[in-house]
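To keep things clear, I will list the structure first and then write my remarks on it.
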Amino acid sequence: MEEKKGWLEKEDYEEPACVLCTPKQEDITPIPQQRIIGKMDEYMSKRDYAGAERHLLYWLEEAKIGHDQRGELLIRNELVGHYRKTGVKEKAFASIEEALRLLRELDFSENVSAGTTYINCATALNAFGKDERSLSLFEKAKEVYEKAAHVDPSLLGGLYNNMALTCTSLRRYAEAHAYYEKALQTMSKVEHGELEQAITCLNEADLYSAELGAEAAEKKIEGLLDRAEEFLNTPSLPRNGYYAFVCEKCAPSFSYYGYFLFAEELKKRAEEIYGRN
């Protein structure tokens, strides 16, 4: 017969944990978001995509263990972008669904941070050819941003540029031109916004080519490429990892339209920056 205790053990008075209940604030262990993003920048500046993925997956598990849904949302957003850049479609789609699920569970659907998630997911969907769903998420982001008291202009610029890309894919050319114009105007107000303006010019060159044909649109395309070259040559731009990434991203477009010397120059600039890093 078990001897009776003269005291209470913890399990005698504490309620068992409910696996379905929302964790209390004191049970949440936040992950170090700024440190994680800083390390991601370091990986990307070295083009270490495998290291970046390991880094994100490690902190995803830490966020889950610590019941940190906000931190998990950050990591899911980063994974969406990572898998888009590396062309891993199925993992990108899985990360999109998880990010949207977290928005619903956190009740962030009308929050400005939801706009960023919608944009990330929509951009990936566009990259993988899911244009109709992509545009619907971009429109959600636009609605959230337009209701907000203040939104960072760089976020709006990115939104307009990406909406234009999706409209181009859907052959909604007039809407695409309007969004590219909005993107250029918005990024002109952002410090070092010339990089995004260059990307927008190259995207609009592709738009004219799709809309009118390369021969009929030749003058418009040349004007846009000359403008993009000026933006990329802006002396005040920091020659950092992001500059290298944009140079690498823009080089094929210049090469495609016959600007071979400048395309090689952009590749050289990128390699020099990556070599220093």
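The values are calculated or read from the model by the stated rules, or taken from the named source; none is laboratory data. Since the structure is predicted, the reported quantities are computational estimates derived from the model, not experimental observations. Cβ sites come from the backbone with ideal geometry, for glycine too, and all protein chains shown count toward neighbours.
Here's the yes/no breakdown for (1) aliphatic (A, V, I, L, M); (2) closer than 22 Å to T186 by Cα; (3) out of contact with any Cys (no Cβ under 7 Å at 6 or more places or on another chain):
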| residue | (1), (2), (3) |
| --- | --- |
| N77 | no, no, yes |
| V80 | yes, no, no |
| C121 | no, yes, yes |
| D152 | no, yes, yes |
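Residues satisfying the criterion are present in the stretch 140-160 (criterion: in contact with a Lys or Arg (Cβ under 6 Å, 6 or more places away or on another chain) and under 21 Å from Y208 (Cβ atoms)).
The conditions of being in the same structural domain as K268 (by TED's automatic domain parsing) and modelled with pLDDT under 95 are met by G158. Only a single criterion out of (1) of a type in the set (K, R); (2) surrounded by fewer than 16 Cβ atoms within 10 Å (Cβ to Cβ); (3) assigned to a helix (DSSP H, G or I) is not satisfied by K249, namely (2). Listed here are the helices (runs of 4 or more DSSP H) enclosed by the stretch 113-213 that have at least 2 residues being under 26 Å from V88 (Cα atoms): 131-147, 153-169, 194-212.
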